[in-house]
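The values are calculated or read from the model by the stated rules, or taken from the named source; none is laboratory data. Keep in mind that what you see is a predicted model, and the values were worked out from it rather than measured. Reconstructed Cβ throughout: ideal geometry from the backbone, glycine too, with neighbour counts over all protein chains shown. Keep in mind that these areas ignore ligands, DNA and RNA; they rest on the heavy atoms of the full protein, side chains included. Shrake-Rupley method; radii C 1.70, N 1.55, O 1.52, S 1.80 Å.
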Amino acid sequence: ELVPLERAANLSFGTLIHTGLERWHAGTALADILALIDRVCRGHEQDESLHEAWHLARAMMTGYAACYPDESFTVRALEQTFFGQLRHPRTGRAIRALRLAGKVDGLVEMDGQLYVLEHKTTTSCDGAYLERLWLDTQITLYGYALQRFAGLPIAGAIYNVLVKARLQQGKGETEEAFAARRADLLAKSKTGKTSAQRKLPESDDEYQARLLTRYRDPGMFHREVILFAPEDFSAVEDDLWEWVLQFRDARRRQVFSRNTSHCFTYGRPCAYLPLCRARGADHLKATLYERRPPHEELGETPVDTDPVF
């Protein structure tokens, strides 16, 4: 029940974009979504990282609305939760005290079939990234759970990929830097003169216009459709049973092996790395984390509630 007091910036950005996409697919006007971004990022003028996220979120949602003014699918549910009892894959016997639960970004219908809609933000949507989507156990679990617990025939998954622009707002140059550059140009000039002018910081309007131009490129958005086969659900059911056995054994012996391969997944340290490194020191629990009820994300969130950045 320990939750980090501070969230990684990219996780918070992802939450903001997910909320914007949820409201866009629910029929909210773009102007209202941009107002939401302004509200969530209030005070961004004094915080450089928040200011960058504010710019990027506004440009990304504006570009998305222009890229997909009309959808190829019909939204059937948003932020769909599921709960179900785990069962033995061969006998069907219920596994006591263990349930599978989760929440999908969306459930949509396309060409008469149901698909799980999964939003992704990434810095690069190349062939390697798309290949990895086929190994995404989480999304297969979503499809399996919706079919098993809700009786919904899930045909596959639609990955809705939004690429983060790598453009940076121009900071200009200091007077000292300009003086040094000007002196260097004068030293190289045959006339002893130069027309060089100091590079001024890029204004918010100029930077936002540059971002919006970038997001007019359709390549900043991608839809990848992956189809599920019955064998996929059978395989994930077998995997679930193996995980249950491992968990039961670890809980019985009170020995949980460390999974250090995930300490720096996604290019950042795990939020619990300081705690693991200090072997569960109580003073870190009190200073870096707070106690919250488990699985709060599975509760119902009012539609007018803003995400916390």
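Quick rundown of the values:
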item	result
Label point 7 Å beyond Cα of K188 along Cβ direction - residues of the stretch 128-171 with amide nitrogen under 16 Å	none
Angle in degrees between helix 175-188 and the longest Cα principal axis of the chain, rounded to the nearest 10	60
Karplus (6.51, -1.76, 1.60) ³J(HN,Hα), θ = phi - 60°, over the stretch 42-55, in Hz, Gly and Pro reported as x	4, x, 5, 5, 9, 10, 4, 5, 5, 5, 5, 5, 4, 4
Accessible surface of the stretch 100-233, 1.4 Å probe, proportion on carbon and sulfur as whole %	52
Accessible surface, the stretch 1-59, averaged per residue in Å² (probe 1.4 Å)	49
Proximal charge balance of S72 [Cβ under 11 Å; K/R count +1, D/E count -1]	-3
Integer Hz, Karplus 6.51/-1.76/1.60 couplings in order for the stretch 77-89, x for Gly and Pro	7, 10, 6, 6, 9, 9, 9, x, 7, 6, 9, 5, x
Built amide H within the under 5 Å cut-off of D136, gap 5+	none
Net charge over other residues, Cβ less than 12 angstrom from the Cβ of E237 (K, R count +1; D, E count -1)	-2
Alpha-carbon gyration tensor eigenvalues x 5, square-rooted, for the stretch 68-123, Å	31, 14, 10
Long-range HN-HN contacts of G156 with modeled amide H, under 5 Å	V116, F228
Accessible area per residue, Å², the stretch 87-148 with all protein chains present, probe 1.4 Å	52
Nearest-ten-degree value, helix 30-40 long axis tilted from longest Cα axis of the chain	90
Residues of type aspartates and glutamates that K285 reaches as a straight line, Cα spacing below 15 Å, ignoring anything fewer than 8 places off in the same chain	E1, E6
With Cα atoms, 0 to 90° folded angle of helix 137-150 axis to the chain main axis	50
Cα gyration tensor category, rounded, prolate or oblate, for the stretch 1-102 with a/c compared to 1.5	oblate
The chain: C-alpha gyration tensor shape, a/c 1.5 cut-off, then a/b vs b/c	prolate
For the chain, built as a Gaussian network whose Cα springs stay under 10 Å, the top-fluctuating residue of Y64, Y144, Y129	Y129
